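See structure below.
The values are calculated or read from the model by the stated rules, or taken from the named source; none is laboratory data. All of these numbers come straight from a predicted model, not from anything done at the bench. Here Cβ is always computed from backbone atoms with ideal geometry, including for glycine, and neighbour counts include all displayed protein chains.
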């Protein structure tokens, strides 16, 4: 039998909870929502979903991780890499349409969650050691370049761009005369303003400031006549908990079903590798231990609930976790606080964001993901170990040329090769 403490880590950390942690946890929980709202909307757009699905996925992840999570700083929700992985794959399904896109995203989240629960049941936390830092560096850098390229047309106000690194760049250059200068100006100014906030006022959530100000301006009729694309209507209220219609699966080919299972597995690998890597970083920094197997369970249930609430796959966010730490988070309680604040936003304030300009979203995405570029780390690999540098470059090239899923597979293969190479030399 599984003990309550095994299934509910909250029963463990809450027993030793220091009352002095309450204030910083509440502050961190409120602060992180200021980043979750614009990022969740942006990452939903990146995956090709309506904006509310990102908020639903974030809500599910926050509440579940508060109960089951073991990291004191990890922030779970939509991430740029997962969103791009989903967006680059789900559109290739033969039955995809605007009517069933949310349903397909929910199915992928459910599959991702099932893999997480299975990994927890079979106690597969040991697989974390197979995830090479070289591959994480190559993957994150390749994904950052890929995402930036796909967002450039939106930043310039050009619609209808294909999905792909080289395809997006070629489309942008071939439609250069269609660039909407006002949209481009808004996008560039958004990046500049965020940089100013980060450099000179780091404690103020610059992302939320630009989202609120730009949305407020474009709520005025005069600004709506400028021809800038807006994200459109966002329904208010909380999501219903229900299984996505099984009838959708009946209308799918076996190949499409295999694609969904494969995408769910890829999301599971990526969700866990990002989450556990970030959680271990903070555990090492503050000298406490996390449970790799419980993280499987926490991420698994987070994805299951995201799938049951019209969301899409979620994982540990590197950037938001860093903000959570900076804001003073001392326990998973900060995730619970964030979840409660997000509930209030969804019920009373979400319609406000319907007039958010698309170039602002594109700028936020580009700004967020370019932090994933590890030029300094690549330079270190080149100077210290050129073989590892080539491994990272191979992973980057695989992503840019073949795609995110294929690049992830290449990364997994490289990780296994690196592990067995080290094991072989160690036991010679």
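Taken together, 53, 89, 79 contain a single residue that is within 11 Å of the chain's Cα centre (by Cα) and farther than 14 Å from residue 33 by Cα, which is 79.
For residue 35, the criteria (1) modelled with pLDDT of 80 or more; (2) in a helix (DSSP H, G or I); (3) within 20 Å of the chain's Cα centre (by Cα) hold in every case but one, which is (1). Determine, yes or no, whether residue 166 is more than 20 Å from residue 85 (Cα to Cα) and surrounded by fewer than 21 Cβ atoms within 10 Å (Cβ to Cβ). When the stated conditions are applied, residue 166 does not pass them.
Somewhere in the range 19-31, is a residue buried (at least 22 other Cβ atoms within 10 Å of the Cβ), under 19 Å from residue 238 (Cβ atoms) and at pLDDT below 90? Within the range 19-31 (the criterion being buried (at least 22 other Cβ atoms within 10 Å of the Cβ), under 19 Å from residue 238 (Cβ atoms) and at pLDDT below 90), the answer is yes, since at least one residue qualifies. In this structure, does residue 195 turn out to be surrounded by 14 or more Cβ atoms within 10 Å (Cβ to Cβ) and under 26 Å from the mean Cα position of the chain (by Cα)? The answer is no for residue 195.
Among the residues of the range 59-104, those identified as assigned to a helix (DSSP H, G or I) and closer than 16 Å to residue 42 by Cα are 59, 80, 81, 82, 83, 84, 85, 86, 87, 88, 102.
Is at least one residue of the range 72-94 without any contact (Cβ under 8 Å) to a residue 40 or more places away in the chain and out of contact with any helix residue (DSSP H, G or I) (no Cβ under 6 Å at 6 or more places or on another chain)? No. Applying the condition of being at pLDDT 85 or above, part of a helix (DSSP H, G or I) and out of contact with any strand residue (DSSP E or B) (no Cβ under 7 Å at 6 or more places or on another chain) to the range 212-247 and asking which residue is surrounded by the most Cβ atoms within 10 Å (Cβ to Cβ) yields 215.
Restricting attention to the range 248-260, the residues that are part of a helix (DSSP H, G or I) and more than 19 Å from the chain's Cα centre (by Cα) total 9. Of the residues that sit in the range 248-262 and are surrounded by 13 or more Cβ atoms within 10 Å (Cβ to Cβ) and touching a residue at least 12 places away in the same chain (Cβ under 8 Å), which one is nearest to residue 102 (Cα to Cα)? By that ranking, first place goes to 248. Taking the criterion of being under 18 Å from residue 120 (Cβ atoms), outside any helix (DSSP H, G or I) and either at pLDDT 85 or above or out of contact with any helix residue (DSSP H, G or I) (no Cβ under 9 Å at 6 or more places or on another chain) (or both), the residues of the range 281-314 that qualify are 313, 314. When you check residue 333 against the structure, is it under 15 Å from the mean Cα position of the chain (by Cα), crowded, with 22+ Cβ neighbours inside 10 Å and closer than 24 Å to residue 38 by Cα, yes or no? No: the conditions fail for residue 333.
Of 115, 139, all but one fail to be within 23 Å of the chain's Cα centre (by Cα), buried (at least 19 other Cβ atoms within 10 Å of the Cβ) and at pLDDT 90 or above; the exception is 115.
The residues of the range 195-211 that are in contact (Cβ under 8 Å) with a residue 60 or more places away in the chain, in contact with a helix residue (DSSP H, G or I) (Cβ under 6 Å, 6 or more places away or on another chain) and farther than 13 Å from residue 326 by Cα, listed by number, are 207, 208, 210, 211.
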